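In what follows, a structure is listed as structure tokens, so that the remarks can point back to it.
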Amino acid sequence: MFLQRTLFGKTKIDGIGLHSGAPVSITLRSAPPNSGIHIERVDLKDRPSMTAHFSNVNATARATSIGNEYFSAATVEHCLSVFAALRIDNAIVELNGPEVPILDGSALPFLEAVRRAGVVELDEARKYFFIKKPIRFEQEDSYAYFVPYSGLRVTCTIDFPHKVIGRQSVDIDINEHNYANQIAGARTFGFVKEVEALKAKGLIQGAGLENAVGLDDEKVLNPEGLRFRNEFVRHKVLDALGDMITLGAPVLGHLVLYKAGHDLMNKFVRKVLESKDSYDIVELGSVLEPEDQDKLSMGLALQNFK
Ligand SMILES: [Zn+2]
């Protein structure tokens, strides 16, 4: 049986907020089975918390925010992406400000933090969304769809009219090894013209070349250059995994994305949940009914997947 996982110890990460530019810290710690991922504002009275569930997503412009009129946890997706890739089902993210620190703009510092804390299995089976039939959502010229697959695979394509970016694709089976080596280090990116306009409006005060890949009309401005030739599309996969965790359980399926962003992903997650004829909720490796033998054999084939 594939069991739910949580963190073993707790670990603190200090940084600055992308929007405020002010110092902020998060502490990642364990949570009991079936509790999901909670974000707790430890700086507010009575330490309110919200789950990282798509119904609590209240902003998707440039980053994903969890919140309501009394609560805000912005830019959660890079931290959530690590939980998704490492199958952390339950955790508490303590946050002492309105946004998760941006750090270097990638998920690598969160991955290192989770590895420092360690991961343990809990005595409760994990449930998966097992995709049986295609589920598709499209918006303008962007789309996202799932088709059946024996694991979690992401194929992502972006197309930016920019010399350095252009059309890029990546196709990857998501497991800890692949994620750590090919996805976690990919940084977010921004165009100088847009960054300057947003800064003038009082937004993204913390944005800089230490926490993003910056581009002018011609080139990458970071003196260290890119971490991957196609770092941009790899970061889109990173973001998409963070947004997918808001579904509430991991998916067994092949996710195909074209020009996806946080808004598209939030709508797609809702579409997936609504498409009840297209998925089953399953536990893997447990005793299944005879007609579910295909799921059992898939579970056995997924020993490297958990
Ligand atoms: Zn991102």
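The values are calculated or read from the model by the stated rules, or taken from the named source; none is laboratory data. Remember, it's a predicted structure, so these values are computed and weren't measured experimentally. Cβ sites come from the backbone with ideal geometry, for glycine too, and all protein chains shown count toward neighbours.
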Only one residue in Phe160, Phe110 is in contact with a strand residue (DSSP E or B) (Cβ under 9 Å, 6 or more places away or on another chain), assigned by TED's automatic domain parsing to the domain that holds His262 and either buried (at least 17 other Cβ atoms within 10 Å of the Cβ) or closer than 23 Å to Leu255 by Cα (or both), so which one is that? Phe160
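With the condition kept exactly as written, say whether any residue in segment 249-264 is in contact with a His (Cβ under 9 Å, 6 or more places away or on another chain) and either modelled with pLDDT under 95 or among the small types (Gly, Ala, Ser) (or both).
If we filter segment 249-264 for residues that are in contact with a His (Cβ under 9 Å, 6 or more places away or on another chain), which is where we start, we get none.
No: zero hits.
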Lys133 fails exactly one of the following numbered conditions: (1) surrounded by 17 or more Cβ atoms within 10 Å (Cβ to Cβ); (2) closer than 22 Å to Gly248 by Cβ; (3) not polar (S, T, N, Q). What is the number of that condition? (1)
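Only one residue in Arg153, Arg136 is of a type outside the set (Phe, Trp, Tyr), outside the structural domain of Leu18 (by TED's automatic domain parsing), within 15 Å of the chain's Cα centre (by Cα) and assigned to a strand (DSSP E or B), so which one is that? Break it down stepwise before answering.
Details: Arg136 fails: within 15 Å of the chain's Cα centre (by Cα).
After ruling out the rest, the residue left standing is Arg153.
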Of the residues that make up segment 163-175, is at least one among the basic types (Lys, Arg), loosely packed, with under 15 Cβ neighbours inside 10 Å and assigned by TED's automatic domain parsing to the domain that holds Gly242? yes
Within segment 186-224, restricting attention to residues that are among the small types (Gly, Ala, Ser) and under 24 Å from the mean Cα position of the chain (by Cα), which residue is surrounded by the most Cβ atoms within 10 Å (Cβ to Cβ)? Ala186
Starting from residues that are of a type in the set (Val, Ile, Thr) and closer than 30 Å to Ala125 by Cβ, keep the ones in segment 30-65 and report whichever is farthest from the ligand (Cβ to nearest atom). Thr51
Just wondering, is there one or more residues in segment 218-228 that are in contact with a Ser or Thr (Cβ under 9 Å, 6 or more places away or on another chain) and either among the aliphatic types (A, V, I, L, M) or in the same structural domain as Phe191 (by TED's automatic domain parsing) (or both)? yes
Those residues of segment 66-77 which are within 16 Å of the ligand (Cβ to nearest atom) and either in a strand (DSSP E or B) or in contact (Cβ under 8 Å) with a residue 60 or more places away in the chain (or both), in sequence order: Ile66, Ala73, Ala74, Val76, Glu77
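Residue under question is Val147, and the condition is that it be touching a Phe, Trp or Tyr at 6+ places or on another chain (Cβ under 8 Å), surrounded by fewer than 20 Cβ atoms within 10 Å (Cβ to Cβ), of a type in the set (A, V, I, L, M) and at pLDDT 95 or above; does it hold?
Numbers: touching a Phe, Trp or Tyr at 6+ places or on another chain (Cβ under 8 Å): no; surrounded by fewer than 20 Cβ atoms within 10 Å (Cβ to Cβ): yes; of a type in the set (A, V, I, L, M): yes; at pLDDT 95 or above: yes.
Against the criterion (touching a Phe, Trp or Tyr at 6+ places or on another chain (Cβ under 8 Å), surrounded by fewer than 20 Cβ atoms within 10 Å (Cβ to Cβ), of a type in the set (A, V, I, L, M) and at pLDDT 95 or above), Val147 does not qualify.
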I'd like to know if segment 115-129 contains one or more residues that are within 14 Å of His235 (Cα to Cα), hydrophobic (A, V, I, L, M, F, W, C) and either within 16 Å of the ligand (Cβ to nearest atom) or assigned to a strand (DSSP E or B) (or both). no
Would you confirm whether any residue within segment 78-97 is assigned by TED's automatic domain parsing to the domain that holds Gly17, within 16 Å of the ligand (Cβ to nearest atom), under 17 Å from the mean Cα position of the chain (by Cα) and assigned to a loop (DSSP other than H, G, I, E, B)? no
So Asn222 ticks every box in (1) free of Cβ contacts under 8 Å to residues at least 24 places away in the same chain; (2) more than 14 Å from Val164 (Cβ to Cβ) but one. Which box is left unticked? (2)
Considering each of Arg29, Arg41 in turn, give the residue that is basic (Lys, Arg), farther than 23 Å from Thr188 by Cα and in contact with a helix residue (DSSP H, G or I) (Cβ under 9 Å, 6 or more places away or on another chain). Arg29
